[in-house]
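Okay, so here's the structure we're looking at.
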Amino acid sequence: MIEARALSRSFDGRPAIEGVSFHVPEGKLCALLGPNGAGKTTTIRVLLGLLPPTAGEANVAGYPVPGSEEDGARLRARTGLLTEAPGCYDRMSGRENLELFGRLYGMGSADLRTRGEYWLRKLELWEARDKPFGTWSKGMKQRLALIRAVLHEPQVLFLDEPTAGLDPGGARDVRDLIAEFRAEGRTILLCTHNLAEAEALADLVGILRRRMLAFGSLADLSSSQVRLEVELAAGAEGIAPALRMLPFVLECSVVGRTLHLLLADLRNDTPEVVRAIVAQDGLILSVHPARAALEEIYLRAVREGPA
Amino acid sequence: MNREIWWLFLRKEVRDVRSNRQVWPAYLLLPAIAVLLPVLLLALLPLLADPSRAGGDPAVDLLIETVSRDSTLRGSTVTEKVARLLLRDLGVFYLLVGVILASGSAALALVREKEQRTLEPILATPLRDRELLLAKLFAAVGPAMLVAWGTTLAGSLAGAIVGRWRTGQWILPTAGNWVAWLLLGPALATFAALLGLRASARFTDVPGATQFTGLVVVPLALVVVAVVGRPAMASPLVGLAGAMAVGLLACWLFSGNVRRFRREEILTRWR
């Protein structure tokens, strides 16, 4: 449903994204993570056909990017966008904003009325529907922007930082709604800084910093970075320096009596680690692998990726 | 072309004007000046065109000489001829109302969307560049022309009444006036709005677009009004030709605006 092949986009010769490739199958939610300026918003704009790529191509909802003006219009009719700012007109009421955007997406009066009322009631905005948008709270504005993005029932949704700046309650409401969209079978590309949000919602995770540093399901990504946890009876701090000298030990940290080790090859290197600990007179209570959390995967990818 | 989109943007712009008190002065003051100026000059007619002052005041001499040489001016007295000349030529002011309001409104059309951060959601809809620009153009020119035509009717009525008071004759708009107001007026307003739209697409902030419009677009449009407007008031044929020429110029400008409308530039240069 969303397929990017070696997408690149530069501004004045400075690359914003370089060779970005990924595939999000129909009905899946992909969280695109990355620090500020990583190219997440640029990726969305290129995929929506708002910015032509300087290299590479994509296919979104069956339409090529870059494509003809007609393809671009059809692609945008089948996609919905939630920008970081709500992007509605302050002087118009919530209902009028929905009517304007719904019409621009080609919706008829009856559809607009029915779906507008459904979503406004569902998101508890019905009472405020005729008040100027500018007078609404930030959470209400973000919910209306979400309604605007899904009102025309798009197959693909692009959500750019949907919970940024919301209070915890508002953020949870928006997350619940995104989960509902996914359950309805929509394909979603979610740009976020919130790793917990990505962990809770995403089928696929992409870590972007100009290039796609890592991409896959959370299980795949975390299994590629399994750590070894070795619990000792005592003296973990004393043994750690010797382990750090081993060439296949990429990272070694100590928490209480437990050694946390990142190894080059978990299966082959584990016996060597155990041997080294025993050689240091360490008394091992347990040895077991532990999957890396998304935060760890993210920080590692960003740290090791291109500057 | 989906005309419904035009009406959508038109309704939005009208709502914006209604709820934005900062733009009210332009919509009230300009028409008021355009109506009052000819009325005031007509009221002062005995001072302006007093044949007894001929030979003493060079301005009065020039005015009397001008009306004597203009064979298109009817009237049995010099005063009546001067009144007809004033009402005919000051009809240019009604053209200015449309030009200034349309260019001002168009100058804000895109830059204000960017400032409100509504442009990206608009660009993310299936709307094509041509449709967006046409809708914005219609939303700028439509209300401006309604105000301009309302001003024209009010001004013509007031002019006729004051003219009757001062000359004893009903002095009504000429055929040239009507052609200029109904055909040349919209063409000039469209031309000015397209210049304003061009500025709006290039600028990054509302003050910048407003200043550019005030300092460059409006004066440029005024030059065109001065060149075409006054001769058009005197002759319907000149008005018709002028309307066609300015209309062609506007078509050329519009296609240029569409060609130069760069979504990427608007999305990336404007922060």
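The values are calculated or read from the model by the stated rules, or taken from the named source; none is laboratory data. Just so we're clear, the structure is a prediction, and the values are computed from it rather than from any experiment. No Cβ is skipped: glycine too gets one built from the backbone with ideal geometry, and neighbour counts run over all protein chains shown. Quick note on the areas: whole protein, heavy atoms, side chains included, nothing else; ligands and nucleic acids left out. Shrake-Rupley method; radii C 1.70, N 1.55, O 1.52, S 1.80 Å.
Of the candidates A:A240, A:A183, the single residue that is farther than 30 Å from A:G56 by Cα, free of Cβ contacts under 8 Å to residues at least 24 places away in the same chain and open to solvent by less than 20 Å² (accessible area, probe 1.4 Å) is A:A240. Go through segment A:281-296 and give me each residue that's open to solvent by 50 Å² or more (accessible area, probe 1.4 Å), in a loop (DSSP other than H, G, I, E, B) and either touching a Cys at 6+ places or on another chain (Cβ under 7 Å) or closer than 17 Å to A:G256 by Cα (or both). Residue satisfying the conditions is A:L283 alone. Cβ-Cβ contacts under 8 Å between residues 6 or more apart (or on different chains), taken from a first residue in segment B:111-124 that is at the interface with chain A (Cβ under 8 Å from one of its Cβ atoms) to a second residue that is among the aromatic types (F, W, Y) and in a helix (DSSP H, G or I), are listed as B:P121/A:F101.
Within segment A:127-137, the set of residues being without any contact (Cβ under 8 Å) to a residue 40 or more places away in the chain and over 30 Å from the mean Cα position of the chain (by Cα) comprises A:E127, A:A128, A:R129, A:D130, A:K131, A:T135.
Let's see how each residue does on (1) under 26 Å from B:R164 (Cα atoms); (2) open to solvent by 50 Å² or more (accessible area, probe 1.4 Å); (3) at the interface with another protein chain (Cβ under 9 Å from one of its Cβ atoms):
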| position | (1), (2), (3) |
| --- | --- |
| B:W6 | no, yes, no |
| B:E13 | no, no, no |
| B:V17 | no, no, no |
| B:V23 | no, no, no |
| B:Y27 | no, no, no |
| B:I33 | yes, yes, no |
| B:L36 | yes, yes, no |
| B:L40 | yes, yes, no |
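If you check B:W178 against the conditions, is it farther than 30 Å from A:D160 by Cβ, more than 14 Å from every other protein chain (Cβ to nearest Cβ), open to solvent by 30 Å² or more (accessible area, probe 1.4 Å) and part of a helix (DSSP H, G or I)? Criteria met by B:W178. All of (1) farther than 18 Å from A:L159 by Cβ; (2) at the interface with chain B (Cβ under 9 Å from one of its Cβ atoms); (3) assigned to a loop (DSSP other than H, G, I, E, B); (4) not acidic (D, E) hold for A:G37 with one exception: (2). Regarding A:P15, is this residue assigned to a strand (DSSP E or B) and farther than 18 Å from A:L190 by Cα? For A:P15, the condition - assigned to a strand (DSSP E or B) and farther than 18 Å from A:L190 by Cα - is met.
Pairs are defined by a Cβ separation below 8 Å, a sequence spacing of at least 6 or placement on different chains, a first member in segment A:215-232 that is in a strand (DSSP E or B), and a second member that is surrounded by 15 or more Cβ atoms within 10 Å (Cβ to Cβ) and among the aromatic types (F, W, Y); the pairs so defined are A:F215/A:F22.
Of the listed requirements (1) open to solvent by less than 40 Å² (accessible area, probe 1.4 Å); (2) over 21 Å from A:V20 (Cα atoms), A:A196 misses just one: (1). Applying the set (1) modelled with pLDDT of 85 or more; (2) surrounded by fewer than 16 Cβ atoms within 10 Å (Cβ to Cβ); (3) not in a loop (DSSP other than H, G, I, E, B) to B:S68 leaves exactly one unmet item: (1). Among residues belonging to segment A:72-85 that are open to solvent by 30 Å² or more (accessible area, probe 1.4 Å) and part of a helix (DSSP H, G or I), point out the one that is nearest to the other protein chains (Cβ to nearest Cβ). Per the criteria, the residue is A:A77. Of all residues in segment A:23-51, those that are touching a residue at least 24 places away in the same chain (Cβ under 8 Å), farther than 14 Å from A:R209 by Cβ and of a type outside the set (K, R) total 13. In segment A:1-12, the residue that is farthest from A:L189 (Cα to Cα) out of those that are touching a strand residue (DSSP E or B) at 6+ places or on another chain (Cβ under 7 Å) and free of Cβ contacts under 8 Å to residues at least 60 places away in the same chain is A:S10. For segment A:129-137, the condition of being more than 11 Å from every other protein chain (Cβ to nearest Cβ) and touching an Asp or Glu at 6+ places or on another chain (Cβ under 8 Å) holds for none of the residues. The number of residues in segment A:98-118 that are open to solvent by 30 Å² or more (accessible area, probe 1.4 Å) and within 11 Å of chain B (Cβ to nearest Cβ) comes to 6.
Within segment B:74-97, the set of residues being of a type outside the set (G, A, S) and assigned to a loop (DSSP other than H, G, I, E, B) comprises B:R74, B:T77, B:L90. If you take the residues in segment A:219-237 that are closer than 21 Å to A:R300 by Cα and of a type outside the set (A, V, I, L, M, F, W, C), which one is least open to solvent (accessible area, probe 1.4 Å)? The residue in question is A:S222. Give the residues of segment A:46-71 that are open to solvent by less than 30 Å² (accessible area, probe 1.4 Å) and either at the interface with chain B (Cβ under 8 Å from one of its Cβ atoms) or more than 17 Å from B:P126 (Cβ to Cβ) (or both), sorted by residue number. Passing the criteria: A:V46, A:L48, A:L50, A:L51, A:P53, A:A58.
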